[in-house]
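Some notes on the structure that comes next.
The values are calculated or read from the model by the stated rules, or taken from the named source; none is laboratory data. As the structure is a prediction and not an experimental result, all values here were calculated from the model. Every residue, glycine among them, receives a Cβ derived from its backbone with ideal geometry; neighbour counts consider all protein chains shown. In case anyone asks, the SASA skips ligands and DNA or RNA and just uses the protein heavy atoms, side chains included. Shrake-Rupley method; radii C 1.70, N 1.55, O 1.52, S 1.80 Å.
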Amino acid sequence: MLLISEENVEKLLTMEKAITAVEDSYRALGMGEAVLTPRENLWISPPKSIKLASGALTKSGFMGVTAYPGGYGTKGSGPFTTLLYDSGTGSLLAIVQGRFLSWLRTGATTAVATKYMARRDAHEVAIIGTGRQAITQLRALDKVMDIGHVSAFSRTPERRHKFAAQMSAELGRDVVAADDAKSCLAKADVVVTITTSRDAVVKREWLQDGVHINAIGAHYPDRTEIDGETVRGSRVIVDWREQALLEKGEILIPMKQGLVTSGIIAGELGGVVAGKLKGRTSDSEVTLFCSGGIATEEIAVAAAVFRDATTKGIGSNV
Ligand SMILES: NC(=O)c1ccc[n+]([C@@H]2O[C@H](COP(=O)([O-])OP(=O)(O)OC[C@H]3O[C@@H](n4cnc5c(N)ncnc54)[C@H](OP(=O)(O)O)[C@@H]3O)[C@@H](O)[C@H]2O)c1
């Protein structure tokens, strides 16, 4: 069994590799070659919890369990861990530390959704939330689209300006801090919401037609980053229907308000990547990808890291 530390994951994993692994995992889901369980929150004393989810990529021969504590105020630095097994023999292959892995796989998921759902001529990006995950969200988008201009907004002026300066320098793109969410979204072709907000930060009247939105930050039934009118008027694709109907406030809150039914979900990203349904049906349509993160993303990226570690002789044999 290989122990793959955080430092080793950082040596081995690139955003390109994460995007390929996540895209393949969604294709496998769409083709019926993967199975998974919804994330389970075992509440310790709210908001503290231990979160568990398992998944298997049966054709690739990997399965695993991923676990992490939530609500401990670690600012995204929680000790994420994946136990990776051989789905043919049941043997434990690796324990993979997953903080960096989780940042990249979350960005990679947004990249895959954007690749399949945004308009082909999309260049303008708006990002709401400028914390730790926002960095890897932008890095990932930069791999799948020709970014023209990025508008970034979060509550604290110093933080959004710092993010804009840092990402401009890193990506060599025009990244500018917006004064409010409305102006941030005004010209966007692609939107990412990656906040800890409880309430909607995106409103339909602030968006232009044809925009693609990735709602990534929230995964609790009573929290949403997107207002009900946007959800009602969008082509909604989720990461996985079963989990989305348990925990994605973007779907559950407007359902509770009577604005939409579960039929608002047009399909899952796996079906889109597998070519079974379209990510968008016209250039003027608003498309919305709702994701809280699913186990097969983590297992797929952990498996890619494990394969690389084995080839390169990296990691500690235990
Ligand atoms: N979908 C997935 O697979 C997945 C994976 C990992 C994490 N997440 C989620 O992603 C979210 C962000 O994670 P993180 O590590 O980047 O958190 P973080 O570092 O704490 O950053 C949170 C960001 O949200 C902003 N924010 C909060 N409320 C806002 C509001 N009302 N309007 C505008 N901006 C607001 C904050 O702005 P200020 O700094 O200015 O206050 C900050 O920029 C978390 O909720 C996390 O659970 C999702």
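The table for this structure:
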item: Relative contact order of the range 169-293, pairs being alpha-carbon contacts under 8 Å that are 6 or more residues apart, as %; result: 28
item: Chain lengthening between Arg159 and Arg204 when straightened (0.36 nm per residue, less Cα-Cα); result: 13.6 nm
item: DSSP beta bridges in the chain [antiparallel fraction, %, rounded to 5]; result: 50
item: Degrees separating the helix 157-171 axis from the principal Cα axis of the chain, which is the longest one; result: 60
item: Sparse-neighbourhood loop sites, trypsin sites (Lys or Arg not before Pro) in the range 241-318 - DSSP loop, at most 13 other Cβ within 10 angstrom; result: Lys276
item: The range 45-147: trypsin sites (Lys or Arg not before Pro) in DSSP loop, at most 15 other beta carbons within 10 Å; result: Lys59, Lys75, Arg120
item: Highest-MSF residue in the chain out of Ser45, Ser54, Ser154 [GNM, Cα springs under 10 Å]; result: Ser45
item: In Å², nearest 10: area of Asp283 left accessible to a 1.4 Å probe; result: 110
item: In Hz, Karplus ³J(HN,Hα) per residue of the range 91-99 (6.51, -1.76, 1.60; θ = phi - 60°; x = Gly, Pro); result: 6, 6, 8, 7, 10, 10, 6, x, 5
item: Modelled FRET efficiency - R0 35 Å, Glu229 with Ser168, Cβ distances, 0.05 increments; result: 0.60
item: Among Met15, Met63, Met117: highest mean-square fluctuation, GNM of the chain, C-alpha pairs under 10 Å; result: Met15
item: Degrees between helix 295-312 axis and first principal axis of the chain (Cα, 0 to 90, nearest 10); result: 50
item: Sequence of Ser284, Ser291 when ordered by accessible area, the most exposed leading, probe 1.4 angstrom; result: Ser284, Ser291
item: Amide H contacts of Leu93 (H built 1.01 Å from N, under 5 Å, at least 5 apart or other chain); result: Leu84, Tyr85, Asp86
item: C-alpha center-to-center spacing [the range 243-318, the range 42-106] in angstrom; result: 16
item: Gaussian network model of the chain, springs between alpha carbon atoms under 10 Å - residue of Gly61, Gly129, Gly30 with greatest fluctuation; result: Gly61
item: Accessible-area composition of the range 138-217, carbon plus sulfur, in percent [1.4 Å probe]; result: 46
item: Size of electric dipole in the range 174-318: Cβ of Lys, Arg +1 and of Asp, Glu -1, about Cα centre, debye, nearest 20; result: 340
item: Residues of the range 116-133 with amide N under 17 Å of the 7 Å Cα→Cβ point at Ser183; result: 125-129
item: Degrees between helix 15-30 axis and first principal axis of the chain (Cα, 0 to 90, nearest 10); result: 90
item: J(HN,Hα) series, the range 142-151, from Karplus relation 6.51 cos²θ - 1.76 cosθ + 1.60, nearest Hz, glycine and proline x; result: 4, 7, 10, 9, 8, 6, x, 9, 10, 10
item: Exceeding the 28 Å Cα-Cα cut-off - candidates Lys143/Lys312; Lys162/Lys256; Lys11/Lys278; Lys203/Lys248; result: Lys162/Lys256; Lys11/Lys278
item: For Gly70, distant residues with modelled amide H under 5 Å away; result: Ser49, Ile50, Lys51
item: Net charge contributed by nearby residues that have their C-beta within less than 10 Å of Leu252 (K/R +1, D/E -1); result: 0
